[in-house]
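**Q** Attaching a single structure in structure tokens format; questions to follow.
No value in this document is a laboratory result; all are computed from the given coordinates. The model shown is predicted, which means the values in this text are computed figures rather than measured ones. Because the Cβ atoms are built from the backbone with ideal geometry, glycine has one as well, and the counts that use them run over all protein chains shown.
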Amino acid sequence: GVVVSAGKMEKTVKVRVPGQRWEKKIGKYFADHTNYLVHDPNSTLVAGDVVELHRLRVSKSVHHVVASIVSAFGTPIEARAPIPSPDERLAAYKQKRFAKLERRSLRQEAAKGSASAIEALAAM
């Protein structure tokens with residue numbers, strides 16, 4: 001798809017994917033497109049870039065993530081921040097999630113009166 005809107009949302013761009021629609025009454029195909037909100041983790045995309053997408057539900061309205069830049073518009077690909085690979089995205093997600101779970105368990109222990117948990121939370 002082609003990036004049609006970038007920089008208006010944080011870490012999200014709008015991508016237009018071309019397609020065709022069958023008009024039954026006329027009996028022929030017409031050009032049609034679909035717009036997707038796509039997660040761009042490093043905010044590297046600009047309007048006019050041609051990108052490849054992967055399905056990955058990021059939020060309620062964002063269901064795709066950028067897989068790669070097929071053709072850059074303006075600034076060369078080498079001069080931009082890199083697009084994370086699926087393994088890097090998974091590692092970042094796990095790190096964030098495990099930190100959250102650790103904070104949750106510390107808060108539960110602190111609610112029971114554990115002095116070490118209270119100190120650990122204060123250090124955070």
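**Q** If you filter region 35-124 for trypsin sites (Lys or Arg not before Pro), then keep DSSP loop positions with at most 12 other Cβ within 10 Å, what is left? Can you show the working numbers first?
**A** Details: sites: 55, 57, 60, 80, 89, 94, 96, 97, 100, 103, 104, 107, 112; in loops: 57, 60, 80.
Loop-located and lightly packed - 57, 60.
**Q** At 7 Å along the Cα-to-beta-carbon direction for both residue 96 and residue 123, put a label point, then send me their distance in nm to one decimal.
**A** Between residue 96 and residue 123, the simple spin-label model gives 2.5 nm.
**Q** Now for a different question. Farthest toward the dipole's positive end in the chain, which of 22, 4, 74, given Cβ charges of +1 (Lys, Arg) and -1 (Asp, Glu) about the Cα centre?
**A** Checking the options against the dipole of the chain, the answer is 22.
**Q** Moving to a separate point now. Using R₀ = 25 Å, calculate the FRET efficiency as 1/(1 + (r/R₀)^6) where r is the Cβ-Cβ separation of residue 88 and residue 57; round to 0.05.
**A** On the way: r = 18 Å, r/R0 = 0.73.
The pair residue 88/residue 57 has a calculated efficiency of 0.85.
**Q** Lys and Arg at +1, Asp and Glu at -1: add these up for the other residues within a Cβ distance under 12 Å of residue 103 and post the number. Kindly include the intermediate steps, with their values, before the conclusion.
**A** Numbers: positive: 96, 97, 100, 104, 107; negative: 102, 109.
Spelling it out: positives minus negatives among the neighbours equals +3.
**Q** Can you compute the helix-only [θ] at 222 nm over the chain? Use -39500 (n - 2.57) per DSSP H run of at least 4 residues, normalise by all residues, nearest 500 deg cm²/dmol. All intermediate terms of the calculation are to be shown ahead of the outcome.
**A** Numbers: 2 runs with 36 residues, N = 124.
Mean residue ellipticity, 222 nm, calculated: -10000 deg cm²/dmol.
**Q** May I ask you to list the trypsin sites (Lys or Arg not before Pro) in region 13-44 that are in a DSSP loop and have at most 14 other Cβ atoms within 10 Å of their Cβ?
**A** 24, 25
**Q** Ok, one more. Under the 0.36 nm per residue contour assumption, what length would be gained going from the current alpha-carbon distance of residue 46 and residue 116 to full extension?
**A** The residue 46-residue 116 span can extend by a further 20.4 nm.
**Q** Turning to a different aspect of this structure: For the chain, what log10 I(q)/I(0) values come out of the Debye formula at q = 0.10, 0.18, 0.20 1/Å, with one point per alpha carbon and no solvent?
**A** For the chain at q = 0.10, 0.18, 0.20 Å⁻¹, log10 I(q)/I(0) is -0.50, -0.93, -1.04.
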